[in-house]
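Trainee: Take a look at this one; I'll ask things after.
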Amino acid sequence: MTDFEQVKKLRDYANITYEEAKAALEKANGDILEAVIQLEKENKIAKPEAAGYYNSQGEERSNRGNGYSSNQKENSHGPSFRQQVPAFLRWCGRIIHRGNINNFEVYKDQSRIIMFPVTVLVLLLIFAFWIIIPLLIIGLFFGYRYRFSGPDLDKPEVNETIEKVSKATVRAVDSVVNAVENMAKDGNKEKDETDGAYSDY
């Protein structure tokens, strides 16, 4: 018959319920070590890294003679692909969440035209960059302004950089327009002078 102290010790060590601890001790005739071994065989508790492992016939095999355990063998080259997949998926989830709570906004004459999550902008840039990038650039020529909002991207340095690009684009457009107008004026002036020279004859 197992006493409460043994059950409590096994329960604390193996992190199992009182009922499971009592049943394991009864199977092992009150031997705590035997109960732990049995629980390991049944995969109810994790095996220590320095311990051995059991094959399908239930025979214990130890790697102590080799100086390292089977778990260490698996981890000698870093985490396995199976371990990396959940971590990668969690990272993707965090990135998508941040993209959803931050927005990309388009303004025209100080009024907001459209706003959508940054995740949508990234997807559009990935799958339709040949359309989106020219549209964004053309929008700058027509006086549209872009900015980010949200807890991660609504920062002065981010939006100031975008504003500087917008102003530089406007200055470039103004320079091109002025150059074209000056060329047109010079062409008209030369034409008038040529017409005047012919009229003297």
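The values are calculated or read from the model by the stated rules, or taken from the named source; none is laboratory data. Everything quoted here is computed from the prediction, not taken from an experiment. Cβ sites come from the backbone with ideal geometry, for glycine too, and all protein chains shown count toward neighbours.
Trainee: Restricting the search to segment 144-180, which residues are part of a helix (DSSP H, G or I) and among the aliphatic types (A, V, I, L, M)?
Mentor: The initial filter retains those residues of segment 144-180 that are part of a helix (DSSP H, G or I), namely 156-180.
Of everything in segment 144-180, those that are part of a helix (DSSP H, G or I) and among the aliphatic types (A, V, I, L, M) turn out to be V158, I162, V165, A168, V170, A172, V173, V176, V177, A179, V180.
Trainee: Moving on to the next point. Go through (1) surrounded by 12 or more Cβ atoms within 10 Å (Cβ to Cβ); (2) of a type outside the set (A, V, I, L, M, F, W, C); (3) modelled with pLDDT of 80 or more and name the single condition T2 misses.
Mentor: Only one criterion is unmet by T2, namely (3).
Trainee: Among G65, G78, which is modelled with pLDDT under 85, within 28 Å of the chain's Cα centre (by Cα) and exposed (fewer than 11 other Cβ atoms within 10 Å of the Cβ)?
Mentor: Values: G65 fails: within 28 Å of the chain's Cα centre (by Cα).
Testing whether each residue is modelled with pLDDT under 85, within 28 Å of the chain's Cα centre (by Cα) and exposed (fewer than 11 other Cβ atoms within 10 Å of the Cβ) leaves just G78.
Trainee: Further question on the same structure: Just to be sure I understand the filter: pairs with C-beta atoms under 9 Å, separated by 6 or more residues or on different chains, first member in segment 33-55 and in the same structural domain as R11 (by TED's automatic domain parsing) and part of a helix (DSSP H, G or I), second member at pLDDT 70 or above and of a type in the set (S, T, Y). Which pairs pass?
Mentor: V36/Y13
Trainee: Quick check on segment 104-147: of everything there that is within 25 Å of the chain's Cα centre (by Cα) and in contact (Cβ under 8 Å) with a residue 40 or more places away in the chain, which residue is nearest to R94 (Cα to Cα)?
Mentor: Here the residue is F104.
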